[in-house]
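Just so it is clear, none of the values below were taken in a lab; they were calculated from the coordinates. Remember, it's a predicted structure, so these values are computed and weren't measured experimentally. Every residue, glycine among them, receives a Cβ derived from its backbone with ideal geometry; neighbour counts consider all protein chains shown.
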Amino acid sequence: MRRVFSGMQPSGEPHLGNLLGAWVSWVSLQDDAECIFCVVDLHAITSPAEHDPATLRSRTLQLATGMLAVGIDPSRSTLFVQSHLHEHAECTWLFNCVAGFGELRKMPQFREKSEGRGESVSAGLFDYPVLQAADILLYHADEVPVGEDQRHHIELARDIGQRFNHRFGEVFTLPKAVHPPAGARVMDLQDPTVKMSKSASSEKGIVRVLDDPDRVVKKFRSAVTDSDAVIRHDREAKPGVSNLLEILAAVTGRGVDDLVDEYAGQGYGTFKAAVAEAVVERLTPIRRRYDELADDPGEVTRILADGAQRARAIAAPTLREAKEAVGLLLPA
Ligand code: TRP
């Protein structure tokens with residue numbers, strides 16, 4: 001069975017974009033692949049703006065709980081917290097000595113995040129993609145399901161793996177990125193030209209997985225659309241309506257064309273209410289399951305401990321092999 005690895009940063013309350021863009025596809029991957037999912041807290045501390053110690057800790061637990069609530073199944077998949085394994089940081093060091101300064105400096109995400117911050121940006125932010133390469137390569141992952149924005153990071157992981165193997169012998173499996181379908185790209189409700197994300201300008205534009213039904217309804221009611229009052233799909237000309245159509249399609253499993261036929265001629269008010277209702281229906285069981293798990297934090301902690309143990313069973317031998325290949329003297 002092929003092995004899949006993916007990770008998510010605990011940097012904000014999970015939203016509809018995380019659910020439809022990543023989690024839904026992760027949940028179904030469990031049916032035909034061996035899946036390993038990681039809460040990447042070491043990545044989260046590379047951005048000072050997001051690094052508040054107490055918040056980081058609670059968000060890490062919250063993200064793991066959310067992943068279980070949507071259907072990551074610990075009896076089939078491995079779910080763990082990155083910092084629970086020292087192997088990731090240690091492998092990063094080996095890769096640091098293989099990765100080039102030039103290729104890291106050119107990473108689009110680094111350029112974006114460091115822009116305007118001059119010399120104050122952390123070395124951790126610079127090294128972020130190398131840590132990500134370690135995440136993936138330690139597990140011999142065949143596939144990495146990620147958003148399009150991660151394409152360069154996965155290519156770098158391949159390059160690092162390939163260079164390492166070439167220089168020191170075959171240790172690592174070269175992974176390939178797999179991207180979820182385009183429809184899974186959820187846009188901000190207030191500014192449908194940008195992705196729904198933690199950095200959105202207003203809370204009104206982001207639907208949280210744990211928002212109660214009233215809030216969800218309010219957010220959809222105030223979603224930005226346009227003034228021509230026609231329900232049709234056109235991302236360029238009608239980003240707001242198109243986003244709502246895609247959200248409705250994703251939560252109901254129906255096709256966009258089918259929905260356009262059904263809602264043709266109806267007002268935006270009715271349409272928005274229908275989208276809100278479908279989203280509420282999708283979120284309600286998740287919220288219920290989340291509350292159950294949150295009432296029993298010992299259970300989540302136990303699942304994470306078990307996940308770390310299973311992850312280590314794969315990562316530790318890989319790291320040992322890599323250290324040996326490099327020529328480090330292994331302790332007796
Ligand atoms: N950089 C990824 C993101 O922002 C998160 C991540 C870290 C990741 N390590 C990973 C994704 C390994 C896939 C595999 O989305």
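Brief remarks follow.
- Dipole of the chain [Lys/Arg +1, Asp/Glu -1 at C-beta], most positive-end residue of Trp26, Leu248, Leu61: Leu61
- Burial ranking of peptide ranges 319-328, 137-146 (average Cβ count within 10 Å, highest at the top): 137-146, 319-328
- Total lysine pairs in the chain at Cα distances under 22 Å, for residues eight or more apart or on different chains: 19.
- Acute angle (nearest 10 degrees) that the helix 239-252 long axis makes with the longest principal axis of the chain, alpha-carbon atoms: 80
- Angle between the chain longest axis and helix 86-96 axis [Cα atoms, degrees, rounded to 10]: 80
- Ser201 sits among other residues whose Cβ lies under 13 Å from its own Cβ, and their net charge, with Lys and Arg +1 and Asp and Glu -1, is 0.
- Coordinate range along principal axes, alpha carbons of region 253-332, Å, largest first: 75, 34, 15
- For region 125-181 and region 266-332, distance of Cα centres in Å: 20
- Degrees separating the helix 123-137 axis from the principal Cα axis of the chain, which is the longest one: 80
- Cα gyration tensor category, rounded, prolate or oblate, for region 7-101 with a/c compared to 1.5: oblate
- When the helices of the chain are scored as -39500 (n - 2.57) per DSSP H run of n ≥ 4 and the total is divided over every residue, the value at 222 nm lands at -16500 deg cm²/dmol.
- For the chain, with +1 on Lys and Arg beta carbons and -1 on Asp and Glu, the positive-most of Cys38, Leu328, Val224 along the dipole: Leu328
- Computed about the Cα centre, the dipole magnitude for the chain is approximately 420 debye when only Lys and Arg (+1) and Asp and Glu (-1) carry charge, each at its Cβ.
- Charge dipole of the chain about the Cα centre (unit charges at C-beta), most positive-ward option of Tyr268, Gly116, Pro175: Gly116
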